[in-house]
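The next block holds one structure in the form of structure tokens; read it before the comments.
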Amino acid sequence: MSGRPTPAEGALLLRQRLEMGASEIFLDGLTRAQALALIAEARPGDAAAPADARAEARRDAERTATGDTELTSTGDAERTATGDAQRTAKHDVEPASKAGAKPDTKPNAVPLPVLPDSYDELREVALSCNRCRLSTNRTQVVFSDGPADARLMVVGEAPGANEDQSGLPFVGAAGKYLDLLLATVGLGREDSVYIANVIKCRPPGNRDPKDDEIEACSPYLRKQIELVRPEALLAVGSFSGKLLTGRGDTTLGALRGKVHHYHGVPLVVTYHPAALLRNSRWTRHFWDDLQLLRGVLGEP
Ligand code: URA
């Protein structure tokens with residue numbers, strides 16, 4: 001391969017490395033900055049600069065806080081490394097109070113309307129939702145991306161700054177890496193994957209979602225799953241993994257590596273892609289989980 005590989009070549013290269021059983025996985029011959037630049041190009045029409053991609057990776061890393069610290073299967077060294085990454089990420093994120101955000105004190109008092117059985121109506125209700133305090137500071141509600149008849153539904157945590165601006169989930173560096181990894185198992189984001197988050201509005205300063213916010217917002221996600229009826233679910237990160245398995249008492253490490261079921265739909269839980277950008281060794285586990293998913297989905 002001469003020069004910088006295209007996104008398609010990058011996906012092929014990554015798949016070959018993974019299939020050969022490499023444990024240290026990153027895009028061969030590329031520095032981290034080059035790999036992020038490649039990932040930034042993975043979505044057509046998106047011209048994010050490498051520096052922006054790196055900054056977004058740091059912001060996204062905060063989104064993974066709970067998942068990263070619960071890696072029971074990966075040992076203390078990784079937990080320590082992740083702790084450092086988290087501290088760096090927290091440092092990089094402008095505190096909500098300094099970012100001009102309104103105080104984060106509004107109670108979650110607004111009752112949930114009966115959610116419609118029509119997908120379009122559900123979306124309309126969600127887009128004007130003010131059930132919780134997160135509605136106060138949002139730019140846009142981030143409802144979903146991808147076709148509502150997709151075979152796979154990916155469930156993330158909550159929007160970050162890019163998603164809040166664009167109204168679409170997973171458009172930052174973590175999203176581009178997710179696209180690349182899904183492409184290695186033949187799942188193109190544009191035609192086969194529907195993506196949504198547990199939380200539809202950005203938490204100020206990218207803080208973790210609070211329990212009452214998850215309680216207020218998750219009925220939308222549950223209704224989305226009911227209406228989209230995907231063949232399989234992929235929960236990335238511990239917030240979606242715990243919610244969909246109903247196992248708030250356990251760790252991401254304990255939930256990954258097996259097939260669960262959510263109301264009869266096969267469910268695989270794995271790491272958040274932002275965690276993989278912080279620590280490429282976890283890409284091996286993510287890949288193993290994608291193989292489980294591929295087994296569940298079978299042939300197109
Ligand atoms: N992280 C998430 O969990 N969801 C997004 O939409 C973006 C980053």
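The values are calculated or read from the model by the stated rules, or taken from the named source; none is laboratory data. Values in this document were obtained by computation on a predicted structure and should not be read as measured data. Using ideal geometry, Cβ is built from the backbone for each residue, glycine included, and neighbour counts are taken over all protein chains shown.
Structure above, values below:
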read-out	value
Odd one out for H260, checked against (1) more than 16 Å from the ligand (Cβ to nearest atom); (2) under 15 Å from Y194 (Cα atoms); (3) not in a helix (DSSP H, G or I)	(2)
Count of the range 231-255 residues which are surrounded by fewer than 23 Cβ atoms within 10 Å (Cβ to Cβ) and either in contact with a His (Cβ under 8 Å, 6 or more places away or on another chain) or not hydrophobic (A, V, I, L, M, F, W, C) (or both)	9
Flag if L277 is within 16 Å of the ligand (Cβ to nearest atom) and either touching a helix residue (DSSP H, G or I) at 6+ places or on another chain (Cβ under 9 Å) or assigned to a helix (DSSP H, G or I) (or both)	yes
Filtered residues of the range 178-217 (kept if modelled with pLDDT under 95 and within 11 Å of the ligand (Cβ to nearest atom))	N206
Filter result for the condition that a residue is closer than 27 Å to R123 by Cα, in a strand (DSSP E or B), away from the ligand (no atom under 16 Å from the Cβ) and of a type outside the set (S, T, Y), over L267, L227, L234	L267
Subset of the range 156-178 (residues that are touching a strand residue (DSSP E or B) at 6+ places or on another chain (Cβ under 7 Å), within 16 Å of R189 (Cα to Cα) and part of a loop (DSSP other than H, G, I, E, B))	L168, P169, F170
Filter pass, F286 being touching a Ser or Thr at 6+ places or on another chain (Cβ under 6 Å), within 18 Å of G175 (Cβ to Cβ) and within 16 Å of the ligand (Cβ to nearest atom)	yes
Pairs, first within 23 Å of T245 (Cβ to Cβ) in the range 140-159, second within 9 Å of the ligand (Cβ to nearest atom) and of a type in the set (F, W, Y), C-beta under 8 Å, six or more apart	V154/F170; G156/F170; E157/F239; A158/F239
Where E299 falls short, out of the listed (1) outside any helix (DSSP H, G or I); (2) touching a helix residue (DSSP H, G or I) at 6+ places or on another chain (Cβ under 7 Å); (3) more than 16 Å from the ligand (Cβ to nearest atom)	(2)
